[in-house]
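The structure appears below as structure tokens.
The numbers here are math on the coordinates, done by the rules we state, and not lab data. What you see is a predicted model, and the numbers here were worked out from it, not measured in a lab. When we count neighbours, we look across all protein chains shown, and the Cβ atoms used for this are built from the backbone with ideal geometry, even at glycine.
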Amino acid sequence: MGLLDFFRREKRAEPAAEQGAEVTPECSDVLLRSLIGGSQMDEKKAMSIAAFAACVDFVADTAARLPVKLYRDCREHQTAEEISGDARVSLLNDDGGDLLTAYEARKAQTRDMLLYGSGFMYIQKYNTAVISLRYVRKQAVSVSVNADPIFKEAMINVGGKLHYPWEFVI
């Protein structure tokens, strides 16, 4: 036995896998296990990854904290002037008229945008006045698009009731 033989690993007989049995490696990482196993990654699995959850929360929190301002085009000076005292600004920044505050609703909508690609807020109106903005969870929304390649139209189904796209902030 030489010195180099000390560093060589001993060859062990591999246990024979049963015919038709699937061998899956043991792995504690959720993302790696999903990639290896071919299973779908859902919100619960993705949010169990601490770094991913922290990044989603950071982006959603930062975007929700930014104040929303409305501007009007000033043709005389070729600039944009800020609109103040408008009820729409109050709905977007202070109180949306829902159980959630405007901050919580924007944070939830941004989180849905990051996780699912779109977020929805229903615009509740009385005649032409906007009364409230109501956050709608992405899992409760279904979008149906027609098959016409020229005149594309969509309807948004929420709780079994059909709505037009202009009734939502998407």
message: Anything in region 112-155 that is free of Cβ contacts under 8 Å to residues at least 12 places away in the same chain and farther than 15 Å from E167 by Cβ? List them, or say none.
response: M113, G117, Q139, V145, N146, A147, D148, P149, I150, F151, K152
message: Can you pull out every residue in region 60-98 that is among the hydrophobic types (A, V, I, L, M, F, W, C) and assigned to a strand (DSSP E or B)?
response: L70, C74, A80, I83
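Is at least one residue of region 104-127 within 19 Å of A63 (Cβ to Cβ), of a type in the set (D, E) and surrounded by 10 or more Cβ atoms within 10 Å (Cβ to Cβ)?
First, pick out the residues of region 104-127 that are within 19 Å of A63 (Cβ to Cβ): 104-121.
From what is left, the residues that are of a type in the set (D, E) are 104, 112.
So of that shortlist, the ones also surrounded by 10 or more Cβ atoms within 10 Å (Cβ to Cβ) come out as 104, 112.
For region 104-127, residues within 19 Å of A63 (Cβ to Cβ), of a type in the set (D, E) and surrounded by 10 or more Cβ atoms within 10 Å (Cβ to Cβ): present.
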- request: Return the total of residues in region 127-161 being over 22 Å from the mean Cα position of the chain (by Cα), more than 25 Å from R88 (Cβ to Cβ) and in a strand (DSSP E or B).
  value: 0
query: Which residue, of N157, N93, is among the polar types (S, T, N, Q), within 30 Å of D42 (Cα to Cα) and surrounded by 12 or more Cβ atoms within 10 Å (Cβ to Cβ)?
result: N157
